[in-house]
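The values are calculated or read from the model by the stated rules, or taken from the named source; none is laboratory data. In this text the structure is predicted, and so the values were computed from the model without any measurement. Here Cβ is always computed from backbone atoms with ideal geometry, including for glycine, and neighbour counts include all displayed protein chains. Side chains included, ligands, DNA and RNA excluded: accessible areas come from the protein's heavy atoms. Shrake-Rupley method; radii C 1.70, N 1.55, O 1.52, S 1.80 Å.
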Amino acid sequence: MAFSSGKSAPSRSETFKFFRGNFPAVSISVGADEGDWRYFQGGNRELEPLVLLPGVSGTAEHFFKQISFLSGKGYHVIALEPPAIDNVPDFCVSMERLMDRLSIRTAHFFGVSLGGFLAANYAVYRPTRVSSLVLCNSYLSTHIFSNQNPLASPFLSFVPNFFLKNIVLQSFDSNPVLSQIADAVDFAVEQLDCISQEVLSSRMTMNCTSSEVGQMRLPTEAITLIEVKKKNTNLLSLLQIALQKHTQPSFIVLTFCLGDIADGFSPWIERQGHLSSRMNY
């Protein structure tokens, strides 16, 4: 599959134009020692929010369909884009400061890939502020990535951005796919160009640094797993096994059998109707 060099179909869509026109991007600093968080917010702000966290190559814009759809239903939705933070403890502290700055006492969290890993870590760090947790194509340990790249994490901050982005692009499916999936990939590639070297290298550093989520104290009914199936992947089964070590072995599992798709960003760009209907809380 060739990546588009022009504006992707999703970014030209009326839904994205509506999103851009109605949900302004906000940047906020929560500490002098770190960069700004960036976010979009919509819906009834009197309600407990649903907080959306992207993966390694994601931006807050990746959730434009969810913000538009769910806020239109009256839900309070916040799509976050963290600053350059290269370790889990600092992320949890920064997340706590952000919650305080936005006057959010508790929230529901949806995280994809690295975003799910970080959300799960925050649930361990401050369980009283996490009402529920949805992990999409995610994991509870980075050991598999650190074992594959044992020498990478100390040096990623020095790698040029074009090289980091090329590493990310190589992880995208290059096989022929359905047009709507190709559109989702094009949008993700387009958004990747908006991520700075400092932010991208910090996310990749976290992904390549050996770390594991601790014992979670959330009620098992508050944890939902979502997998978008690809050929030759058993990510969900691995996550289920990992969760049994961290929680009671009873939790909700939702599986999307979509065949070969691109990376984990695809369900909320390309399969918005499937995913948003399951994000009611």
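Give the residue that is least open to solvent (accessible area, probe 1.4 Å), with candidates limited to residues of the stretch 113-153 that are assigned to a loop (DSSP other than H, G, I, E, B) and free of Cβ contacts under 8 Å to residues at least 12 places away in the same chain.
Applying the filter and picking the extreme gives Pro150.
Of all residues in the stretch 85-142, count the ones that are more than 16 Å from the chain's Cα centre (by Cα) and of a type in the set (Ser, Thr, Tyr).
6
Condition first: touching an Asp or Glu at 6+ places or on another chain (Cβ under 9 Å) and modelled with pLDDT under 85. Now tell me which residues in the stretch 145-175 satisfy that.
Within the stretch 145-175, Ser153, Ser171, Phe172, Asp173, Asn175 meet the criteria.
In this structure, is Ile67 within 15 Å of the chain's Cα centre (by Cα) and more than 30 Å from Leu156 (Cα to Cα)?
Considered against the rule, which asks whether it is within 15 Å of the chain's Cα centre (by Cα) and more than 30 Å from Leu156 (Cα to Cα), Ile67 comes out as yes.
Go through the residues of the stretch 56-63 one by one and say whether even a single one is open to solvent by less than 40 Å² (accessible area, probe 1.4 Å), free of Cβ contacts under 8 Å to residues at least 60 places away in the same chain and among the hydroxyl-bearing types (Ser, Thr, Tyr).
There is no residue in the stretch 56-63 that is open to solvent by less than 40 Å² (accessible area, probe 1.4 Å), free of Cβ contacts under 8 Å to residues at least 60 places away in the same chain and among the hydroxyl-bearing types (Ser, Thr, Tyr).
Based on this model, can you work out whether Ala9 counts as of a type in the set (Gly, Ala, Ser) and farther than 24 Å from Gln197 by Cα?
yes
Being assigned to a helix (DSSP H, G or I) and either open to solvent by 10 Å² or more (accessible area, probe 1.4 Å) or on the phi > 0 side of the Ramachandran plot (or both) is the requirement here; does Asp86 meet it?
Against the criterion (assigned to a helix (DSSP H, G or I) and either open to solvent by 10 Å² or more (accessible area, probe 1.4 Å) or on the phi > 0 side of the Ramachandran plot (or both)), Asp86 does not qualify.
Just to be sure I understand, how many residues within the stretch 43-55 are of a type in the set (Gly, Ala, Ser) and crowded, with 22+ Cβ neighbours inside 10 Å?
Residues meeting the conditions: 1.
Could you please let me know if Ser103 is open to solvent by 60 Å² or more (accessible area, probe 1.4 Å) and at positive phi?
In short, yes.
Go through Val134, Val112, Val93 for me and flag whichever is at pLDDT below 95, within 22 Å of Ser201 (Cα to Cα) and of a type in the set (A, V, I, L, M).
One residue alone meets the criteria, Val112.
In the stretch 174-216, which residue that is open to solvent by 70 Å² or more (accessible area, probe 1.4 Å) and part of a helix (DSSP H, G or I) is nearest to Leu80 (Cα to Cα)?
This residue is Glu198.
Got a number for residues in the stretch 8-19 being under 11 Å from Phe64 (Cα atoms) and open to solvent by 40 Å² or more (accessible area, probe 1.4 Å)?
Total satisfying the criteria: 3.
Does the stretch 20-39 contain any residue that is buried (at least 23 other Cβ atoms within 10 Å of the Cβ) and outside any strand (DSSP E or B)?
The answer is no, given that none of the residues of the stretch 20-39 is buried (at least 23 other Cβ atoms within 10 Å of the Cβ) and outside any strand (DSSP E or B).
Pairs needed: first member in the stretch 160-173, open to solvent by less than 50 Å² (accessible area, probe 1.4 Å); second member anywhere, small (Gly, Ala, Ser) and part of a loop (DSSP other than H, G, I, E, B); C-beta distance under 8 Å; at least 6 residues apart or different chains.
Asn161/Ser196; Val168/Ser57; Phe172/Ala262; Asp173/Ala262
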